[in-house]
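The values are calculated or read from the model by the stated rules, or taken from the named source; none is laboratory data. Not measured: the values here are computed from a predicted model. Neighbour counts run over all protein chains shown; Cβ positions are idealised from the backbone, glycine included.
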Amino acid sequence: MIQCKTSKAIGGMGHSLKRKEDARFIQGKGNYVDDVKLPGMLYMDIVRSPYAYAKIKKINIEEALKVPGVVAVVTGRDLEKYNLHWMPTLMSDTQMVLPTDTVMYQSQEVAAVIATTKYAARDGREAVTVEYEPMKPVIDPFKSLDPAAPVLRSDKEGKKDNHIWNWKVGDKEKTDALFETADVVVKEQMHIPRIHVASIETCGCVADYDKVNNHLTMYMTTQAPHAIRTVIALVAGHVGLTEEKVRVIAPDIGGGFGGKVPVYPGYVIAIAVSFLVGKPVKWIEDRSENLQADSFARDYHITAEMAGTKDGKILGTRFKILADHGYTDASANPSKFPTGMFSIATGSYDYGTTYMECDAVYTNKPPGGVAYRCSFRVTEAVHAIERITDRFAFEVGKDPADLRMQNFIKKEDFPWKSPTGWIYDSGDYHAGLQKAMDALNYNDLRREQAEKRAKGELMGIGISTFTEIVGAGPSKDFDILGIKMFDSAEIRVHPTGKAIARFGTKSQGQGHETTYAQIIAEELGIPAENIAIEEGDTDTAPYGLGTYASRSTPTAGAAAAIAARKLRDKARKIAAYLLEVSEDDLEWEPGKFFVKGAPEKAKTIQEIVFAAYTNHPQGMEAGFEATHYYDPPNLTFPSGAYICVVDIDRETCEIKVRRFVAIDDCGNIINPMIVQGQVHGGLTQGIAPAMYEELIYDESGNILNGTFMDYLVPTAVESPSWETGHTVTPSPHHPIGAKGVGESPTVGAPPAIANAIVDALTPFGITHLDIPITPYKIFKALKEKGAFENA
Amino acid sequence: MNKTINITVNGTKHTLEVEPRLLLVHMIREVLNMTGTHIGCDTSSCGACTILLDGKSIKSCTVLAVQADGKSITTIEGLAPEGGPLHPLQEGFKENHGLHCGFCTPGMIMRCVELLEHNNNPTEEEIRWGISGNLCRCTGYNNIVKAVQWAGAKMRGEETPSTEPEFV
């Protein structure tokens, strides 16, 4: 059980406090962007391309302008006048806001209709007709580099192909040499297909430009409000929207998961229109638009290889990736990392040789990919290493748990430098896997499996032991569009001992209003319920890079602890003054300073804070406030051991997840209930791509499942009853030893499930299946191996 | 070509002039300015818009306002009396961490109101099937099941289960 240093009444680290934010949500009093209503507000709807690749011959807007309520129709030519028809992406590529001559993916924005009511905007949208000249699109990324393929980005001067960039890391010579001579080499081709974050709230905004004061207020579903404000100023500063004239407000957000980090064309068009007409403009996308046009996630084709000895020692890995980015690289990675943190793909194992290389290409698909609850491509990396490790175990005839235990980095070897240069801060992989195995009686399960196999029944056990890499990141290496990835906390305590704290991050459900208060409560002894937490308004919150990539606790959480410690130092001085002793004579316990040896001579934090306003020592600055901008010295490395048990029906190939145990290590835990909730949610977003979700395009670039009718987001029926637990290896470099946890489960779960299913099928010689693994895929694979011959 | 409809919303009678094509969810959100009921999809799949229509949980995105003429609806705002105690489900969701971002929550709770009225002691499987028309992307559903079981116990007048998280 977690030992708490503070009482429940104070509610510091380790307490499962109920959430403060729940009060408004359970009563329908949340304030999401679509709830924002301003006087004179106009509504915007977007006309979209039915073609994946086409020239625009003519956009006919006259009929739309006749629709009652329609105020304007905006096309690329209108935006071109202000040089707003193209915008930069976060990866320094360029993206169309509205096209002037060519559309590049199905559902691309083509024109925007502005009207006085929601329904009139939709009527107007239906009345716009566009004449296209369709062209043959490039859909298969493997074909995009054919010399005969059309050059999709002919808008880029001198561009002669569809190649975006090449990235490599590791030691190619040493790795190639190892693979030439190793006893055992295994190789699998893996596709991690496009999926969508599909948060229940779609994206949207209300752009409110005030002509009188030349001021823009942008209510927006954004995970990174300050970065957005700076981007708006960079893109539209030339028309007068300089940074002090822009206020971005991210109100309550209905799920982000990385999908609400990029700047989508809809936002920019809304700002442009509001700027031109001087009225608020609301844009809220439909679910279909959200699935079909917003940035997707994943879409990596990976050739994964592992080399080792006959008795199971891993010696090296090699990964070659083809990354399908759609028509522009609109990923949201730190700028120096085009493949995000993929280089964590060396995994949790102790070996020294790797080489990874990636080529990114353009295709006629929506741009991206977003970092969907994956800390920048860690889902792809962990899937590759955990799948190939299981493959290797099968090849050398070892139990996958034994093989992992044999190869894990040992607890005493941390901090550990990986072959791609990361310094893993701490971990105890052996303890984590052992705990998962004990929770399931692993050996009994293997015995059961052997018995079932003898009868021809399909039962599988899959393991995933992952190392995550989160908390981007140290200013030395991490920036987004040049802005360093520090984060911030500002704490102000009022005379009556209650506080308000503001942060540069932005929760979309992670519970910051509760957890940040707990961090501060731990340091200052002020009850968490007396600490109000605010995020999301760039006029008041200190600058930060937002919430994604599990970075809030590692960066802003650290800032909160350090700012609170600055306040505790000030409190000590005031207490010494009030008690007429020297600072060294004082001891701290949560909520009060007392004189060593005379504990009845004490001052509570509330008395101390009151004194900061009413009786502060002469010469000391009055008030009780501290700010800290935290530049993390390293990333943090949460880890986990997940074990999944599946039963597959021999005839229908239906897959039932019988049990799933997730042991997570996120360092010191702020709120166990919230951590568990994050794990549950991430696991469901992990089983989703493993078994149910995939965005499917045909060879003409039509999306085949662009609505919730056909894109299967798991319901409570598909989602198993998760079992969770933890080990705790604090991060040695983090002020409160915490690591972050939100993304570990989405990262760790898919390979555990894929490994379990493949494990069930190994008696038939099946060594790999791509996710999502459906009953039909299993049926096809079994049929190919002749498994239905004797029926 | 507007139609006049009479509809009782959370106990209050309203007479409204609406287009025949106005969706009930838009009537609630845009005409009555009650934004607790949310929109999460355009294919009746997500359930964020779930309310009670004459006591039955329905997806208000798939009902026209004119179809609710003469009827009574209850939205999340009407679940607990003004200034009064929360409904056991509302309390249960908070006590058991049954929500993260809160966007699916009003629809989920309204669905569960009917679920518990129909069967106030549902099994886990019954709850999961019962809420399979309501998507949640954040919670992973485990704690929603717990919240419903907790509320059921409270409504049956029994001792509620522990709300402390359980770990292996």
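Screening region B:50-92 for strands (runs of 3 or more DSSP E) wholly inside it with 3 or more residues that are under 18 Å from B:Cys104 (Cα atoms) and either of a type in the set (Lys, Arg) or out of contact with any His (no Cβ under 6 Å at 6 or more places or on another chain) (or both) returns the ranges B:50-53, B:56-59. Say we look at region A:64-114 and pick out the residues that are over 28 Å from the mean Cα position of the chain (by Cα) and among the small types (Gly, Ala, Ser); which of these is farthest from A:Phe296 (Cα to Cα)? This residue is A:Gly69. For region B:108-130, a tally of residues being buried (at least 19 other Cβ atoms within 10 Å of the Cβ) and at the interface with chain A (Cβ under 9 Å from one of its Cβ atoms) returns 4. Taking the conditions exactly as written (surrounded by fewer than 24 Cβ atoms within 10 Å (Cβ to Cβ) and more than 7 Å from every other protein chain (Cβ to nearest Cβ)), does B:Glu164 satisfy them or not? It is false that B:Glu164 is surrounded by fewer than 24 Cβ atoms within 10 Å (Cβ to Cβ) and more than 7 Å from every other protein chain (Cβ to nearest Cβ).
Within region A:708-718, is there a residue that is in contact (Cβ under 8 Å) with a residue 40 or more places away in the chain, more than 14 Å from every other protein chain (Cβ to nearest Cβ), buried (at least 19 other Cβ atoms within 10 Å of the Cβ) and in contact with an Asp or Glu (Cβ under 8 Å, 6 or more places away or on another chain)? For region A:708-718, residues in contact (Cβ under 8 Å) with a residue 40 or more places away in the chain, more than 14 Å from every other protein chain (Cβ to nearest Cβ), buried (at least 19 other Cβ atoms within 10 Å of the Cβ) and in contact with an Asp or Glu (Cβ under 8 Å, 6 or more places away or on another chain): absent. Of A:Ala360, A:Ala393, A:Ala381, all but one fail to be under 21 Å from A:Pro193 (Cβ atoms), in a helix (DSSP H, G or I), modelled with pLDDT of 95 or more and not acidic (Asp, Glu); the exception is A:Ala381. Of the residues A:Ile674, A:Ile670, which single one is more than 9 Å from chain B (Cβ to nearest Cβ) and outside any strand (DSSP E or B)? Residue meeting the stated conditions: A:Ile670. Among all positions in region B:46-59, there is at least one residue which is over 18 Å from A:Ser719 (Cα atoms) and of a type in the set (Ser, Thr, Tyr). Say whether the condition of being in contact (Cβ under 8 Å) with a residue 12 or more places away in the chain, under 17 Å from the mean Cα position of the chain (by Cα) and away from chain B (no Cβ under 13 Å) is met by at least one residue in region A:748-764. Yes, that holds for at least one residue.
State whether one or more residues within region B:57-78 are under 19 Å from B:Met155 (Cβ atoms) and within 7 Å of another protein chain (Cβ to nearest Cβ). Yes, there is a match, as at least one residue in region B:57-78 is under 19 Å from B:Met155 (Cβ atoms) and within 7 Å of another protein chain (Cβ to nearest Cβ). Does region A:195-205 include one or more residues that are away from chain B (no Cβ under 14 Å) and either more than 29 Å from A:Pro147 (Cα to Cα) or of a type in the set (A, V, I, L, M, F, W, C) (or both)? Yes: region A:195-205 contains one or more residues that are away from chain B (no Cβ under 14 Å) and either more than 29 Å from A:Pro147 (Cα to Cα) or of a type in the set (A, V, I, L, M, F, W, C) (or both). Of all residues in region A:1-53, those satisfying the criterion of being away from chain B (no Cβ under 14 Å), touching a Pro at 6+ places or on another chain (Cβ under 8 Å) and surrounded by fewer than 20 Cβ atoms within 10 Å (Cβ to Cβ) are A:Lys5, A:Ser7, A:Ala9, A:Gly40.
Each row is one residue, and each column tells you yes or no for (1) among the polar types (S, T, N, Q); (2) in the same structural domain as B:Gly107 (by TED's automatic domain parsing); (3) within 16 Å of the chain's Cα centre (by Cα).
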site: B:Thr15; (1), (2), (3): yes, no, no
site: B:Leu24; (1), (2), (3): no, no, yes
site: B:Met27; (1), (2), (3): no, no, no
site: B:Leu32; (1), (2), (3): no, no, no
site: B:Thr35; (1), (2), (3): yes, no, yes
site: B:Ser45; (1), (2), (3): yes, no, yes
site: B:Gly55; (1), (2), (3): no, no, yes
site: B:Lys59; (1), (2), (3): no, no, yes
site: B:Gln67; (1), (2), (3): yes, no, no
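Is it the case, given these coordinates, that A:Gly737 is more than 14 Å from every other protein chain (Cβ to nearest Cβ) and buried (at least 19 other Cβ atoms within 10 Å of the Cβ)? Criteria met by A:Gly737. Looking across region B:93-148, the residues that are touching a Leu at 6+ places or on another chain (Cβ under 8 Å) and assigned to a loop (DSSP other than H, G, I, E, B) come down to B:Cys104, B:Pro122, B:Ile131, B:Cys138, B:Thr139, B:Gly140. If you check A:Gly682, A:Gly640, which single one turns out to be assigned to a strand (DSSP E or B), touching a helix residue (DSSP H, G or I) at 6+ places or on another chain (Cβ under 6 Å) and within 14 Å of chain B (Cβ to nearest Cβ)? The unique qualifying residue is A:Gly640.
Note on region B:67-88: among residues that are crowded, with 19+ Cβ neighbours inside 10 Å and among the aliphatic types (A, V, I, L, M), the one that is farthest from B:Met34 (Cα to Cα) is B:Ala68.
Listed by position, the strands (runs of 3 or more DSSP E) enclosed by region A:210-320 that each have at least 2 residues that are buried (at least 24 other Cβ atoms within 10 Å of the Cβ) are A:215-220, A:281-284, A:300-308. Candidates B:Gly55, B:Gly140, B:Gly102, B:Gly133: the one that is at positive phi and surrounded by fewer than 19 Cβ atoms within 10 Å (Cβ to Cβ) is B:Gly55. If you go through region A:230-263 and pick out every residue that is within 14 Å of A:Tyr209 (Cβ to Cβ) and basic (Lys, Arg), you end up with 2. I need every pair where a residue in region B:41-54 that is within 12 Å of chain A (Cβ to nearest Cβ) has its Cβ under 7 Å from the Cβ of a residue that is among the acidic types (Asp, Glu) and surrounded by fewer than 24 Cβ atoms within 10 Å (Cβ to Cβ), sequence separation at least 6 or different chains. Once the first residue is within 12 Å of chain A (Cβ to nearest Cβ) and sits in region B:41-54, its partners that are among the acidic types (Asp, Glu) and surrounded by fewer than 24 Cβ atoms within 10 Å (Cβ to Cβ) give B:Asp42/A:Asp286.
The set of residues in region A:402-443 that are in a loop (DSSP other than H, G, I, E, B) and crowded, with 19+ Cβ neighbours inside 10 Å comprises A:Ile409, A:Ser418, A:Pro419, A:Trp422, A:Asp425, A:Ser426, A:Gly427, A:Asp428.
Is there a residue being closer than 30 Å to A:Gln510 by Cβ, part of a loop (DSSP other than H, G, I, E, B), more than 32 Å from the chain's Cα centre (by Cα) and not basic (Lys, Arg) anywhere in region A:18-33? Within region A:18-33, none of the residues are closer than 30 Å to A:Gln510 by Cβ, part of a loop (DSSP other than H, G, I, E, B), more than 32 Å from the chain's Cα centre (by Cα) and not basic (Lys, Arg). Counting only residues that are within 12 Å of chain A (Cβ to nearest Cβ) and part of a strand (DSSP E or B), which one in region B:1-32 is farthest from B:Gly78 (Cα to Cα)? Checking each candidate, the answer is B:Val18. Quick one: in region B:133-168, which of the residues that are of a type in the set (Phe, Trp, Tyr) and under 19 Å from the mean Cα position of the chain (by Cα) is nearest to B:Gly107 (Cα to Cα)? In this case the residue turns out to be B:Tyr141.
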